Amino acid sequence: MIMVKKLILVTSPPACGKTYISKALAARLQHVVYLDKDTLITLSKQIFVVANQPYDRSSQFFEKNIRDYEYDCVVELALEALNYDDIVLINAPFTREIRDMDYIHRLKAKLAEKHATLVVIWVETSPEIVHKRMIERNSDRDTWKLEHWDEYLKSCDFEVPENLDDPHVKDDLIVFHNNNEKEFERSMKKCLHILEETMQE
C-alpha cells in the first residue's frame, strides 16, 4: 500500500463554520499539518498601517494589494509542508479560486509533482445561520459585512462548486453540511470515511 498525500482545502463563504470544522477534522486525522489563512492577518494589518490606509478587508486597497498574496502565501506554505508530511489542511474561503478551473488545474499540477492530490471540502451553511454566527463571533473583519448585509450577501456564492466534482474521483469534492449539530456529526463521519478510504492505493 502506498500512502497518497493530500492537500485539503476547507472552503466556504465566511462564518459557515470552516474553522471549527477544520480543527475538528485535523484533530481526527493522522500526519496532518493545519494551516489557517487568518494567521496572516497580523501581517496584513501592518500593510494597512504602513500604507496609511484604514483597516478594511472589504476595500479596494485590500483587493489590490493583499488578498491574493495571502492565498499565494498559505498555498506555498502548504506545498512546502507536503515535503514532510502526508496531509496539509488549509482553512480559508478560497471562494473565487475554487470556481476558477485554470487555478485548480495549476494547483493540481503543482501537487502532482509532490505525488499529492487535491480535496475540497465545501461547508454548506444557510445564509441565515451565517448571519447569526457572524454576529456572535463579533470580529472586526465582519464590521462592513454586517453593516451592509444585503449588499454583502449578493457578493457571496453559497452554491456548491459542482465544477470540481469528477464522478470518477471519490474525494475531489466533499460537501459538509453544517446547519446544526446533527448535520455536523453526520458530515464529519462521512468525511473521515471518504478520506481514510482514499489515503491508500
Original post:
Quick one: helix 18-28 against the long Cα principal axis of the chain, what's the angle to the nearest 10°, folded into 0 to 90?
Top reply: 30 degrees
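As a test, work out the antiparallel percent of DSSP beta bridges whose residues both lie in the chain, rounded to the nearest 5.
Among the beta bridges of the chain, antiparallel pairing accounts for roughly 5 percent.
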Original post:
In what sequence, highest mean first, do 56-63, 178-185 appear when ranked by Cβ atoms within 10 angstrom?
Top reply: 56-63, 178-185
Subject >> Contact order relative to length of the chain, as percent, for alpha carbon pairs under 8 angstrom and 6 or more apart >> reply: 34 percent
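Which value, in debye to the nearest 20, gives the size of the charge dipole of region 51-201 about its Cα centre, when Lys and Arg are +1 and Asp and Glu are -1 at the Cβ?
Here the size comes out at about 220 debye.
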Subject >> For the chain, calculated [θ]222 nm from helices alone, where every DSSP H run of n ≥ 4 adds -39500 (n - 2.57) >> reply: -13500 deg cm²/dmol
Original post:
Does anyone have the angle between helix 68-81 and the longest principal axis of the chain? Alpha-carbon axes, 0 to 90°, nearest 10?
Top reply: 30 degrees
**OP:** First measure r as the distance between the Cβ atoms of Met188 and Ser139, then evaluate 1/(1 + (r/R0)^6) with R0 = 35 Å and state the FRET efficiency to the nearest 0.05.
**Re:** 0.90
Original post:
In degrees from 0 to 90, rounded to the nearest 10, what is the angle of the helix 127-137 Cα long axis to the longest principal axis of the chain?
Top reply: 70 degrees
**OP:** Return the FRET efficiency for the residue pair Thr198, Thr39: r is the Cβ-Cβ distance, R0 is 25 Å, and the value is rounded to the nearest 0.05.
**Re:** 0.35
**OP:** Tally up the carbon and sulfur contribution to the accessible surface of the chain as a whole percent, 1.4 Å probe, everything protein left in place.
**Re:** 52 percent
Subject >> Added length on full extension, which subtracts the Cα-Cα distance from 0.36 nm per residue, Asn83 to His115 >> reply: 10.5 nm
Original post:
Along the charge dipole of region 59-185, Cβ charges K/R +1 and D/E -1, which of His177, Thr95, Asn138 sits furthest on the positive end?
Top reply: Asn138
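Starting from the Cα-Cα distance between His148 and Val169, subtract it from 0.36 nm times their residue separation and give me the gain in nm to one decimal.
Residue separation times 0.36 nm, minus the Cα-Cα distance, leaves 3.6 nm.
Roll a 1.4 Å probe over the protein chains and send me the accessible area per residue for the chain in Å².
I get 56 Å² per residue for this part.
The values are calculated or read from the model by the stated rules, or taken from the named source; none is laboratory data. All of these numbers come straight from a predicted model, not from anything done at the bench. Using ideal geometry, Cβ is built from the backbone for each residue, glycine included, and neighbour counts are taken over all protein chains shown. These area figures cover heavy atoms from the full protein model, side chains too; ligands, DNA and RNA do not enter into them. Shrake-Rupley method; radii C 1.70, N 1.55, O 1.52, S 1.80 Å.
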